[in-house]
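Worksheet: one structure, shown below.
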Amino acid sequence: MGVDSLAPYAADELRSRGRKYDEPRAAYRGEYQRDRDRIIHSTGFRRLVYKTQVFVNHEGDLYRTRLTHSLEVSQIGRTVAVALNLNEALTEAICLAHDLGHTPFGHAGQDTLNACMRDFGGFEHNLQSLRVVDVLEAKYADFPGLNLMFETREGILKHCSVRNARELGDVGERFLERKQPGLEAQIANIADAIAYNNHDVDDGFRAGLLSLDQLREQDLFETHYSAVHRRYPDLEDRRLIYEIIRRMIGTVVTDLIEETRRRIETARPRSIDDVRDAGNPMVSMSEGVYGQHVSLKKFLNQHLYRHEQKLAMTRKVQTVIEELFAAYSDDVRRMPPEFAEAAANLDEVGKSRIVADYIAGMTDRYAIAAHEGLMD
Ligand code: MG
């Protein structure tokens, strides 16, 4: 079903490039709603609850996990999509699926698995998200994966090397032709960055790894800190931080909507193809706010993600991933039967990919338990 209020340049299922395997339409749902539902029902999605965003799951109950991160990305993305008359269901589907390919232990896990796969094509979580929905989910009698709509898959694949793009076919084309994805995909991409920038301030502060004084060196934070502090001088730190963060999200999201609206008015796209052919993304913050956003991102990179306490955890999980990879590569029968059988007659490259699939699918605690099991 098409949505009446959609802008002409929004993704519309009636003009979609469709699914790889034809399916009859659903009676009561649009096709992108259906994609969103398939993602929510997937095994990969349920695992996100036990996967690290920045803090390993067992470090505390209040920190974001990949699941709560994905939900925050989705609600930011949907707000922007609706404000711009774009496709909300598609935006939601992309946001919910964007991290499905993440390894256990966050970026430390991904970097280690990538290093293990150095001679076998590497490992990249974003590409893996697409592999999860295209290949690895085994839920339907008629086809592998979730058989999602082209635009959903296009949105999941945020970046891609030329070599991988050639192998990927349809969704890889835009990286070879230097085209943009649809606006819903562009929104999901930025909503991801807005979500983590803000929730990592919250989590980092809660963990005691970031201080108010440090945060106040950031313009985006300081502007709202002064306003909140002036109005509520006695507010305790915890509520102060929440109040600042909700205002920061408000500022950035409002700016994103208004700047994007301006860019759309200037570029005057008449269809999603005009959006794809445009030289630059149309979904964008204004220069000033983008500068503050990037500055905060760099700050978190330096002071939170590379904090000594995080690095100590990183070294620990590197060993877990490396030893799991070595053990399964050495004998694929150490993996569950479906992976062992899939890897049985493959060459080194193919076998390593199956091992990487298995490890990438693990939750933090499953990986730790599997590692302990191997060491016994
Ligand atoms: Mg993310």
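Results, tabulated for the structure shown:
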{"read-out": "Residue match in segment 71-86 (condition: out of contact with any helix residue (DSSP H, G or I) (no Cβ under 8 Å at 6 or more places or on another chain) and more than 15 Å from Ala360 (Cα to Cα))", "value": "yes"}
{"read-out": "Condition check for Arg353: open to solvent by 40 Å² or more (accessible area, probe 1.4 Å), assigned to a helix (DSSP H, G or I) and either out of contact with any strand residue (DSSP E or B) (no Cβ under 6 Å at 6 or more places or on another chain) or in contact (Cβ under 8 Å) with a residue 12 or more places away in the chain (or both)", "value": "yes"}
{"read-out": "Matching residues in segment 295-310 - criterion: being open to solvent by 40 Å² or more (accessible area, probe 1.4 Å) and either modelled with pLDDT under 95 or over 15 Å from Arg216 (Cβ atoms) (or both)", "value": "Lys297, Lys298, Asn301, Gln302, His303, Tyr305, Arg306, His307, Glu308, Gln309"}
{"read-out": "Pick from segment 29-75, criterion aliphatic (A, V, I, L, M) and not in a helix (DSSP H, G or I), ranking: most open to solvent (accessible area, probe 1.4 Å)", "value": "Leu62"}
{"read-out": "Unmet requirement for Ser211, which otherwise passes all of (1) within 16 Å of the ligand (Cβ to nearest atom); (2) surrounded by fewer than 19 Cβ atoms within 10 Å (Cβ to Cβ)", "value": "(1)"}
{"read-out": "Residues located in segment 99-126, provided they are open to solvent by 20 Å² or more (accessible area, probe 1.4 Å) and within 11 Å of the chain's Cα centre (by Cα)", "value": "His125"}
{"read-out": "Residue match in segment 85-98 (condition: in a loop (DSSP other than H, G, I, E, B) and closer than 19 Å to Arg353 by Cα)", "value": "no"}
{"read-out": "Candidate set: segment 226-274, residues that are of a type in the set (Ser, Thr, Tyr) and within 25 Å of the chain's Cα centre (by Cα); chosen: the one nearest to Glu287 (Cα to Cα)", "value": "Thr260"}
{"read-out": "Test: residue in segment 106-114 that is within 14 Å of the ligand (Cβ to nearest atom), closer than 18 Å to Leu130 by Cα and not in a helix (DSSP H, G or I)", "value": "no"}
{"read-out": "Matching residues, segment 163-193, being open to solvent by 60 Å² or more (accessible area, probe 1.4 Å) and not in a helix (DSSP H, G or I)", "value": "Arg178, Lys179"}
{"read-out": "Subset of segment 77-104 that is aliphatic (A, V, I, L, M) and within 16 Å of the ligand (Cβ to nearest atom) - its residue that is farthest from Ile272 (Cα to Cα)", "value": "Leu100"}
{"read-out": "Matching entry among Val132, Val73, Val54 (being within 30 Å of Arg315 (Cα to Cα), within 16 Å of the ligand (Cβ to nearest atom), in contact with a Cys (Cβ under 8 Å, 6 or more places away or on another chain) and in contact (Cβ under 8 Å) with a residue 60 or more places away in the chain)", "value": "Val73"}
{"read-out": "All positions within segment 26-48 that are without any contact (Cβ under 8 Å) to a residue 60 or more places away in the chain, out of contact with any Asp or Glu (no Cβ under 7 Å at 6 or more places or on another chain) and aliphatic (A, V, I, L, M)", "value": "Ala26, Ala27, Ile40"}
{"read-out": "Tabulated pairs, segment 195-219, first farther than 11 Å from Leu296 by Cα, second open to solvent by 10 Å² or more (accessible area, probe 1.4 Å) and polar (S, T, N, Q), C-beta under 7 angstrom, 6+ apart or interchain", "value": "Leu209/Gln309"}
{"read-out": "Count of segment 115-138 residues which are of a type outside the set (Val, Ile, Thr) and part of a helix (DSSP H, G or I)", "value": "14"}
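Yes/no per residue for (1) out of contact with any Leu (no Cβ under 7 Å at 6 or more places or on another chain); (2) closer than 26 Å to Arg46 by Cβ:
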{"position": "Ile321", "(1), (2)": "no, yes"}
{"position": "Arg333", "(1), (2)": "yes, no"}
{"position": "Pro337", "(1), (2)": "yes, yes"}
{"position": "Ala340", "(1), (2)": "yes, yes"}
{"position": "Leu346", "(1), (2)": "yes, no"}
{"position": "Ala360", "(1), (2)": "no, yes"}
{"position": "Tyr366", "(1), (2)": "yes, yes"}
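The values are calculated or read from the model by the stated rules, or taken from the named source; none is laboratory data. A quick note: this is a predicted structure, and the numbers were derived from the prediction, not measured. We place every Cβ from the backbone using ideal geometry, glycine too, and count neighbours over all the protein chains shown. Surface areas here come from the heavy atoms of the whole protein model, side chains and all, with no ligands, DNA or RNA. Shrake-Rupley method; radii C 1.70, N 1.55, O 1.52, S 1.80 Å.
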